[in-house]
1. If amide hydrogens are placed 1.01 Å from N in the peptide plane, which non-local residues have theirs closer than 5 Å to the one on ILE46?
2. Under 30 Å between alpha carbons, and skipping anything fewer than 8 positions from LYS12 in its own chain: which lysines qualify?
3. Let me have the 222 nm mean residue ellipticity of the chain computed from DSSP H runs of 4+ only, each contributing -39500 (n - 2.57), with the sum over all residues rounded to the nearest 500.
4. Taking every pair of alpha-carbon atoms in the chain, give the share separated by more than 17 Å as a whole percent.
5. Taking loop as defined by DSSP and a crowding limit of 10 other beta carbons within 10 Å, which GluC sites (Glu not before Pro) in the range 1-75 fit?
6. Once you mark the trypsin sites (Lys or Arg not before Pro) that are in a DSSP loop and have at most 10 other Cβ atoms within 10 Å, what is the longest gap between them in the chain?
7. Output ³J(HN,Hα) for the range 31-45: one whole-Hz value per residue in order, computed from phi by the Karplus curve 6.51 cos²θ - 1.76 cosθ + 1.60 with θ = phi - 60°, and x for Gly and Pro.
8. At what distance in angstrom do the alpha carbon centres of the range 1-26 and the range 63-87 lie from each other?
Amino acid sequence: MALTFIRNPDFKLVLLDEVNVTLKLGYLKLEDLLAGLDEKRVDSHIILTGRGAPSDLIERADLVTEMKMIKHPFREQGVKAQAGIEY
């Protein structure tokens, strides 16, 4: 499904939210993700999110940011993960 957006020239930005979690849990193979990234057009951007990015993916990336949780309602108030926010 994501390849549909990556290949479509109408989309200049594609966000694959929490894709690193899908890699960690084995829902997606790193080789398949990297092959999909090979199809990225020069005039587009792809954002991959989620903790624990594999080193091969970090090496391939142009920009890598690591976030650190300081405060979150999950810890402070026991709020469960919310659709559209955490997943």
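1. VAL14
2. Excluding near neighbours in sequence, the set is LYS24, LYS29, LYS40, LYS68.
3. -8000 deg cm²/dmol
4. The share of Cα pairs beyond 17 Å in the chain comes to 54 percent.
5. In loop regions of the range 1-75 (DSSP not H, G, I, E or B), the sparsely surrounded GluC sites (Glu not before Pro) are GLU66.
6. 13-67
7. 4, 5, 5, 5, 5, x, 5, 4, 8, 4, 7, 4, 8, 10, 10
8. The range 1-26 and the range 63-87 have Cα centres separated by 21 Å.
We did not get these values from a lab; they are worked out from the coordinates using the rules stated. Worth saying up front: this structure is predicted, and the values here are computed from it rather than measured. Reconstructed Cβ throughout: ideal geometry from the backbone, glycine too, with neighbour counts over all protein chains shown.
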